[in-house]
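The values are calculated or read from the model by the stated rules, or taken from the named source; none is laboratory data. Remember, it's a predicted structure, so these values are computed and weren't measured experimentally. As a convention, Cβ positions derive from the backbone with ideal geometry for all residues, glycine included, and neighbour counts pool all protein chains shown. Keep in mind that these areas ignore ligands, DNA and RNA; they rest on the heavy atoms of the full protein, side chains included. Shrake-Rupley method; radii C 1.70, N 1.55, O 1.52, S 1.80 Å.
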Amino acid sequence: MATRRGPRFKECRHLGVNTCGHPKAMKRAGDPAFRKTHKTSEYGLQLIEKQKVKAYYGILEKQLRRYYALAQKSSGKTGEVLIVSLECRLDNLVYRIGFANSIRMARQMVSHRHISVDGKIINIPSYTVKVGQVIALVEKVQKNEQFRNCFLSQNKRPLDYLEVDEEKFSAKLATLPQRDKIPVEINDQLVVEYYSK
């Protein structure tokens, strides 16, 4: 299974946004060595927005093209549909709920069978979670100190579309995420323009 293994902080500085969610990711972003000295072209801006999507959701080019093709066939704005569908990936929601402190850790938790959906263990990171489904930490790993700390304190993300139950170490996708409520700094239109060429 192919995964993104490049340096995260360097990628964040290049893209200009903290895509990995680490508090120290943008610490050196203001240093003179990382300041851009030339104007970015229109194509360059589109490319950066597309790279942001891949960085935020930890996916590769082939996966993103597949999501874009599906978004094109759906009703509604292609860019918004694309981001909403990526937001409903199981590995991303595990990260948003707070079981993991990064998208990479969330993906690993799913692959290692630590996450269940409606009581059934799912080990496919790209699994699409539907509205009303409950994502939970498998009982045997609920005592894991790292997972507990992430969920109960370190990684709180109060999002409108998630209903968190701290006692049961679970959360429900209450509603389909609205684009303006999704915490990613992406210009959807530029992504659509990039792929529509």
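Of all residues in region 136-179 being assigned to a loop (DSSP other than H, G, I, E, B), within 30 Å of Glu80 (Cβ to Cβ) and polar (S, T, N, Q), which is most open to solvent (accessible area, probe 1.4 Å)? By that ranking, first place goes to Gln178. The number of residues in region 80-94 that are open to solvent by less than 10 Å² (accessible area, probe 1.4 Å) and in a helix (DSSP H, G or I) comes to 9.
Answer yes if at least one residue in region 58-73 is under 18 Å from Gln108 (Cα atoms) and small (Gly, Ala, Ser), and no otherwise.
Going residue by residue through region 58-73, those that are under 18 Å from Gln108 (Cα atoms) are 58-60, 63.
Filter again for small (Gly, Ala, Ser), leaving 58.
Yes.
In region 83-105, the residues that are among the hydroxyl-bearing types (Ser, Thr, Tyr) form Cβ pairs under 6 Å with partners that are buried (at least 24 other Cβ atoms within 10 Å of the Cβ) and part of a helix (DSSP H, G or I), at six or more places apart or across chains, as follows: Tyr95/Ile103; Tyr95/Ala106.
Go through the residues of region 116-129 one by one and say whether even a single one is modelled with pLDDT of 90 or more, open to solvent by 30 Å² or more (accessible area, probe 1.4 Å), in a loop (DSSP other than H, G, I, E, B) and of a type in the set (Phe, Trp, Tyr). Yes, region 116-129 contains at least one residue that is modelled with pLDDT of 90 or more, open to solvent by 30 Å² or more (accessible area, probe 1.4 Å), in a loop (DSSP other than H, G, I, E, B) and of a type in the set (Phe, Trp, Tyr). Residues in region 48-68 that are open to solvent by 10 Å² or more (accessible area, probe 1.4 Å) and farther than 15 Å from Asn187 by Cα: Gly58, Leu60, Glu61, Lys62, Gln63, Arg65, Arg66, Tyr67.
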